[in-house]
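Each remark here refers to the structure printed beneath this line.
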Amino acid sequence: MTKYEKDKIVLGYVTGIEKYGIFVNLDEYYNGLIHISEISSGFVKNINDYVNIGETIKMKVIDVDDKNHHVKLSIKNINYRGAKKNKNKIMETGHGFLTLSEKLPKWIEEKITEFENNDNL
């Protein structure tokens, strides 16, 4: 069974930009190409206006070549950048590491108990 399926939305890391498309890395085995015709419904003058190297974006799978670990992708008609940026923003609480130092012993004990219970199964 293939890891990637046609019409599914996946995350990928932009590794290169050429005049004809965007190269992406999906995982340690699969890479892909977003052809310039799959970037926008309108005319694409400069691909750099859409993505940057190093950016993680959402893409739609068009076709999968499992033999060569290559995926044809599209960002046309999807919110490829999403709203991910706000999720990762770290808000300072004012308590610093105090909360961590108070809770860490409890978390460690919970994990030890969890592992011990799993060993008994």
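The values are calculated or read from the model by the stated rules, or taken from the named source; none is laboratory data. Everything numeric in this text was worked out from a predicted model, so none of it was measured. Don't worry about glycine lacking a Cβ; one is built from the backbone with ideal geometry, like all the others, and counts go over all protein chains shown.
If I filter the stretch 48-97 down to residues being modelled with pLDDT under 95 and small (Gly, Ala, Ser), which single residue comes out as surrounded by the most Cβ atoms within 10 Å (Cβ to Cβ)?
Taking the candidates together, the pick is 82.
Among the residues of the stretch 23-46, how many are surrounded by 18 or more Cβ atoms within 10 Å (Cβ to Cβ) and free of Cβ contacts under 8 Å to residues at least 40 places away in the same chain?
Counting residues in the stretch 23-46 that are surrounded by 18 or more Cβ atoms within 10 Å (Cβ to Cβ) and free of Cβ contacts under 8 Å to residues at least 40 places away in the same chain gives 2.
If residue 73 satisfies all but one of (1) part of a strand (DSSP E or B); (2) farther than 17 Å from residue 18 by Cβ, what's the number of the condition it fails?
That leaves (2) as the condition not met.
Over 13 Å from residue 80 (Cα atoms) and polar (S, T, N, Q) - does that describe any residue in the stretch 49-60?
no
Of all the residues that make up the stretch 36-56, how many are over 18 Å from the mean Cα position of the chain (by Cα), among the small types (Gly, Ala, Ser) and in a loop (DSSP other than H, G, I, E, B)?
Summing the residues that are over 18 Å from the mean Cα position of the chain (by Cα), among the small types (Gly, Ala, Ser) and in a loop (DSSP other than H, G, I, E, B) in the stretch 36-56 gives 3.
In the stretch 13-33, which residues are in contact with a Lys or Arg (Cβ under 9 Å, 6 or more places away or on another chain) and not in a strand (DSSP E or B)?
26, 27, 29, 30
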